[in-house]
Structures are given as C-alpha cells and as structure tokens.
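Contents: one structure, followed by commentary.
The values are calculated or read from the model by the stated rules, or taken from the named source; none is laboratory data. No experiment lies behind these values; they were computed from the predicted model shown. Cβ placement follows ideal geometry from the backbone for every residue including glycine, while neighbour counts extend to all protein chains displayed.
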Amino acid sequence: MYRQAFEHLEPICESMSILRVAIDIPLPRLFDYLSDDASPQDVGRCVRVAFGRSKKVGVIVALAETSAQASDKLKPAGEILRSLPALSADWLALTEFCSRYYQHPLGEVMAMALPPHLRRGKLPRRKSPASSAETSGNPTLAPVQPVLLPEQASAVARVAAGFGRYAAFLLHGITGSGKTEVYLRLIEQTLAQGRQALMLVPEIALTPQLEERVAARFPRARVVSAHSGMADAARARGFLDALEGHVDILLGTRLAVFAPLSRLGLIVVDEEHDASFKQQEGLRYSARDVAVWRAHQLGVPIVLGSATPSLETFYHARAEGGRYRLLELTQRAVADAPPTVRCIDTRRQKLQDGMSTALLEAISTRLDRAEQSLIFLNRRGYAPVLACPACGWVSRCLRCAANLVVHLADRRLRCHHCGFEAAIPKHCPGCGNLDIHPFGRGTQRLETALAAHFPAARILRVDRDSASTPAKWQAILDTIHGGRADILIGTQMLAKGHDFPLLTLVGVVGADAALFAADFRAPERLFSQLLQVGGRSGRAALPGEVLIQTEYPGLPLYDALLTHDYASFAEIHPG
Ligand code: ADP
Ligand code: ZN
Ligand code: ZN
C-alpha cells in the first residue's frame, strides 16, 4: 500500500540516504526526506521534518536509496531524535497491520499509538528507572496467595503449558470465580521467565484498587499503568519506560495494546466483551482483536477473560477446533452461594415511583441491617423524554433521531446519542401548553423518589454525570467501600469488576426497555449487565439477593439469569 510508483526513480548522491517517514496527516502514504547521517539503526526513530509550512515529528519506517520524487524536490530531514530508543520492528509491524486492516493512514495510526508528548518530540524529564536485573523476574515476590481451586489450577496449567508460543484462551468464569487470581499466577510465571506481561482492562475497571492488588502481589516488579485519563507527562514516562525495557507489568486500557514491550510473554484481556475496548472515533480499532493479533505476531499466549463473553468469542471457544480454547471456572472462589435471583412481576402491582412494594421492603431491611442496596437503572438523567399531553409533542433531538433526555439539576435537555443540548422549554413548542411533563424515569428521578421514601438513608447516585472525572469516580468508590452510602443508584458504570463487601441487595428497574431496543446486541448487553450487576451483591461473607422488576417474567433471558446460565442464554440468542 505504501510502495510508491517507481517510474522516475532517481538515484541520489552516495553520502545521502532517503528516509521514509510516517507523518500524522490524513493521507495514506509515506513521505521521503534526505539525510546525510542516517543509519539503519535509525529505523523506528522519531525525526523532525518540515511539512508544508508546518513542522512535524514523524517516525522513520525505512531507509531507501531511491525515491519516486525528483531528488531536487526532496527536502532535508531535521533532527533525528536519537536520545530516544528506536521503536522496534514488531511495533512498526503492529501499527502497519492496523493501518492496513482498518484502512487508516500509517502516520495517523502511529500518532494515536504514541503518547502526545512524543508525537510532538517533547521528552519528559524522568527519574532514572531501576535496572531490570535488580527488580524483575524474582517471584520469590510474593505475599500470601490463596491455594488455587482445581479449576483455577487447571486453567493456569493449560495456559502455562503454552508459554513461548501463540495460543488464545477464553477464561469464562462468573464474577468472583477467581479469574483475576488466575491472571496473577500466569503473570508471576511470566515474570519468572524474565518476560513482560500486558494486562488490558476496561476503561472503568482500571482503578487504584486494581493497581494496588497487582502491586501488592508483585512488590518487586515494575508495574506501569496506562490510560487516557492520565496526564500527558505521566503517559509519556510510562511509554518511555516500556520502550527502554524497564517495565515488568503493563496495566492499561485499550490504548495500552500499543505499548512497546520487547520482552512480552503474556497478554491478558479482562472483561473482553467490554465496549470500551472498541475505539469509536478516528482509528476504529478493537483493542481485543489487536491484542490477539499481537499475541500471534509475537508467539505468546493470550487470555481473554469474562463472565459474559461476547457471543463471537464464545463461539470461537466452543466450536470444535475453534480459534480459542475454553477454560471454565464454574464456582465462586469465596462466597459459596451465588446471589438468589428473583423476578418481580410488575403487571400485578401498583408501583410507587416505579418501585414495587417488595423492592422497597427489601431496601428497608438492608437499611435496618446496615447493609448496602444498589438500584440498577441504566438510564441517566431525570427522565428519558419531555412530553406534552395536550398535543403529543415529545422532545426529539434536532440533530439525530434520538429523544432528548431531561436533566433537571441544570434544567437542560440533552441528547445522549449525539451530544446536542438545549434549555428545557417553559411551554410546549408545539401548542404553547404550559403543563409539559418529564415522562419515564432516569437515575436522577429515582434518586429524588428514594430520598422521599427513605429520608434518613445516605443515597449515592453513580452515573456518567456524577462520576464525570476519574477523581469523582474514585471518591464515589471510596464512599461505597468506606460504608458511607446506604443506597446506590447506578447505571452500568457500577456493573463492572468492583467488590462491594457490604452490598447485599441489587434491585433492577427499567430493564425491559432494552428488550425492545433496535440494536440487536441489546439483549446480549442486558444479560451481561444484569449478570454482572447481580455479581456485585454478596461477594463477601453476606449472601446476596437480586430482584428484577419486569413485565415479562417468563422470558427465557430472565430464566437463564435465575440460574446464572450463560450457555443457555447463548443458545437463545445465537449471534
Ligand atoms: P474474578 O476476577 O473472577 O471476579 P477474583 O480473582 O477477583 O475473581 O476473586 C474473587 C475473590 O476471591 C477475591 O477476593 C480473591 O482474592 C478471592 N480468591 C480467588 N481465588 C481464590 C482461591 N483459590 N481461594 C480463596 N480465595 C480466592
Ligand atoms: Zn403541546
Ligand atoms: Zn442527537
């Protein structure tokens, strides 16, 4: 794709060479520059170049002797940034693969994969990192570890048997079944061989708790985190540490799949089904798929873990001779009983603010016992739409087909689809009626209602509005862990990978809406969310209970949930 036309090849003078440079501009080609001091070791290095009237930093992807451009038209390259190690051949191959596979200019792929500092040629100041021999690869690391359950032990053994060559595994296990423990054991063996481990987790799951758990297990290893919420300088430092080989474990969100790790020995993708592994703008890549490619390229094992694998992954793992090998954990590692799951048939009852008597009573019992409840409603805002009962007007987005959601706190209407927003009108734009109503229920409205029902309870709403920054999100997690909240109202943000020992009740309201969504993945997502949300309860010593309010208690999807049965759900909804 990047080969240029060879019609008017012009040899150039002996002492000069031509640099083929990938530059961050939206054109699917490389650019040639002249250099009088380049050597083959410069391939993979960053170089300053003039482009049009601007200055850029590009990456040298090859040295050449001839150019399709006339030699008098070639510009001299600027400084080659030799204080930085060159990006390795396998890193270049990785970005070239993404460029080809996702049909995206190589220069843009590389710019996205590099931290912002580096793509501007700015080098962060760093403490000199410890040398690799001092700190890594010494598993005689290690604090107290639980004795593995038989299924965990067999999973570890099967993956470890494949060290040093490519193999892809699906580790399928309910929440709390000890998947993370399996990853940690595999990472330990990887480090013992002097190699590096890359662990990818969803955006929302990369919390200080997880970082602490990993760091505590490997006190002598160099653990580096990478996610988009980090300050540029910290991200650049982590990238450079990795590039120089001073990293043992890299823990990161989707962008970490591009970390330069020359001794990589193992890749783990936790919650592989999670939507945050897909980048939705610019280069639309799936970090999970890129991770599988990278494992294959490097000849190392990859473990995809999930309680609710994406259907495509599940089929690859189940098919005879399929692409992935299936490892299953069927038991919880700690609590011996999974939460009891029960549907509440809402057709037969009068609801109060959308909540059944059974649910309200269950919350009240938890308040008496100083335990926590979570009400799961996957719809943020006050109400999903504003409507006029007189003329039938509803608040539709002016830019797309979605409805505008009512946000009462700041009196705005917002489109959760495209981001459009407007003030809440004082009267109906259709007929002038002053009496227009929010219709339906979002987390803000539920919060108001619960506060009225339980005035003494400490209520905490957890959605993208209340947890809009990593710091706010962390404060919320601390509040929950510290037992300083009694009732949580949460969207899917709360569904993932958190252990809340005091949480013993999960109430699910408004789940039916997803059943009729246009998106064919909606039931899959609903099932996965409900299973994960259910997994939040009763993870420690206290048994958990899940109550699902629904008008369709007989649906097979809900039946499968009652028995925690992913396999039978997958049969009901075959991809
Ligand atoms: P998952 O990642 O599947 O949700 P974790 O690995 O986080 O599960 O395990 C859940 C809890 O069980 C954690 O507190 C973990 O320390 C504990 N655990 C995991 N494996 C074992 C084991 N074999 N014996 C005792 N406790 C375990
Ligand atoms: Zn009207
Ligand atoms: Zn819109």
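Things worth noting here:
- Condition met for Ala475 (within 16 Å of ligand 3 (Cβ to nearest atom), surrounded by fewer than 20 Cβ atoms within 10 Å (Cβ to Cβ) and outside any loop (DSSP other than H, G, I, E, B)): no
- Within the stretch 531-558, tally of residues that are crowded, with 20+ Cβ neighbours inside 10 Å, closer than 21 Å to Ala358 by Cα and modelled with pLDDT under 75: 7
- Phe277 fulfils the conditions (1) crowded, with 22+ Cβ neighbours inside 10 Å; (2) more than 21 Å from Gln532 (Cα to Cα) except for a single criterion, (2).
- Any hit, the stretch 83-102, residues being buried (at least 20 other Cβ atoms within 10 Å of the Cβ), assigned to a helix (DSSP H, G or I) and in contact with a Pro (Cβ under 7 Å, 6 or more places away or on another chain): yes
- Residue satisfying all of: in the stretch 388-407; among the aliphatic types (A, V, I, L, M) and crowded, with 20+ Cβ neighbours inside 10 Å; farthest from ligand 2 (Cβ to nearest atom) among these: Val405
- Residue satisfying all of: in the stretch 197-209; among the aliphatic types (A, V, I, L, M) and touching a helix residue (DSSP H, G or I) at 6+ places or on another chain (Cβ under 8 Å); surrounded by the fewest Cβ atoms within 10 Å (Cβ to Cβ) among these: Ile204
- Of all residues making up the stretch 255-271, the number that are at pLDDT below 95 and surrounded by 23 or more Cβ atoms within 10 Å (Cβ to Cβ): 1
- Selection of first residues in the stretch 410-439 that are within 15 Å of Pro384 (Cα to Cα) and of second residues that are of a type in the set (Asp, Glu), restricted to Cβ pairs under 6 Å at least 6 apart or on distinct chains, gives the following pairs, ordered by first then second residue: Arg412/Glu421; Arg414/Glu421.
- Number of positions in the stretch 53-70 that are surrounded by fewer than 16 Cβ atoms within 10 Å (Cβ to Cβ) and among the polar types (S, T, N, Q): 2
- Residues satisfying the stated conditions in the stretch 32-71, i.e. without any contact (Cβ under 8 Å) to a residue 40 or more places away in the chain and either touching a Pro at 6+ places or on another chain (Cβ under 7 Å) or part of a strand (DSSP E or B) (or both): Val47, Val49, Ala50, Phe51, Ser54, Lys55, Lys56
- Of all residues in the stretch 320-364 being closer than 30 Å to Tyr166 by Cβ, surrounded by fewer than 19 Cβ atoms within 10 Å (Cβ to Cβ) and touching a residue at least 24 places away in the same chain (Cβ under 8 Å), the one that is nearest to ligand 3 (Cβ to nearest atom): Arg323
- When residues of the stretch 309-319 are limited to those that are out of contact with any helix residue (DSSP H, G or I) (no Cβ under 9 Å at 6 or more places or on another chain) and surrounded by fewer than 16 Cβ atoms within 10 Å (Cβ to Cβ), the one modelled with the lowest pLDDT: Ala319
- For beta carbons closer than 8 Å, sequence separation of 6+ or different chains, a first residue in the stretch 88-117 that is at negative phi and a second that is assigned to a loop (DSSP other than H, G, I, E, B) and hydroxyl-bearing (Ser, Thr, Tyr), the qualifying pairs are Ser88/Ser262; Asp90/Ser262; Cys98/Tyr285; Tyr102/Tyr285; Leu106/Tyr2; Val109/Tyr102.
- Of all residues in the stretch 436-447, none satisfies being within 16 Å of ligand 3 (Cβ to nearest atom) and touching a strand residue (DSSP E or B) at 6+ places or on another chain (Cβ under 9 Å).
- When the stretch 244-292 is filtered for residues that are under 20 Å from Leu311 (Cα atoms), within 16 Å of ligand 1 (Cβ to nearest atom) and part of a strand (DSSP E or B), the ones remaining, listed by number, are Val268, Val269, Asp270.
- Across the stretch 492-500, not a single residue is classified as surrounded by fewer than 14 Cβ atoms within 10 Å (Cβ to Cβ), basic (Lys, Arg) and either assigned to a loop (DSSP other than H, G, I, E, B) or touching a residue at least 60 places away in the same chain (Cβ under 8 Å) (or both).
- Per-region count, the stretch 414-439, residues in contact with a Lys or Arg (Cβ under 8 Å, 6 or more places away or on another chain) and crowded, with 20+ Cβ neighbours inside 10 Å: 2
- Condition met for Ser373 (away from ligand 2 (no atom under 16 Å from the Cβ) and within 28 Å of the chain's Cα centre (by Cα)): yes
- Of all the listed residues (Ala233, Ala221, Ala157, Ala205), the sole one being away from ligand 1 (no atom under 12 Å from the Cβ) and within 28 Å of Glu312 (Cβ to Cβ) is Ala157.
- Within the stretch 428-472, considering residues that are assigned to a loop (DSSP other than H, G, I, E, B) and within 14 Å of Met355 (Cα to Cα), the one farthest from ligand 1 (Cβ to nearest atom): Gly440
- Single match in Leu351, Leu377, Leu329, Leu360 (criterion: within 16 Å of ligand 1 (Cβ to nearest atom) and under 30 Å from Ile476 (Cβ atoms)): Leu329
- Yes/no for Arg458 being closer than 24 Å to Gly544 by Cβ, among the basic types (Lys, Arg), surrounded by 14 or more Cβ atoms within 10 Å (Cβ to Cβ) and more than 16 Å from ligand 2 (Cβ to nearest atom): yes
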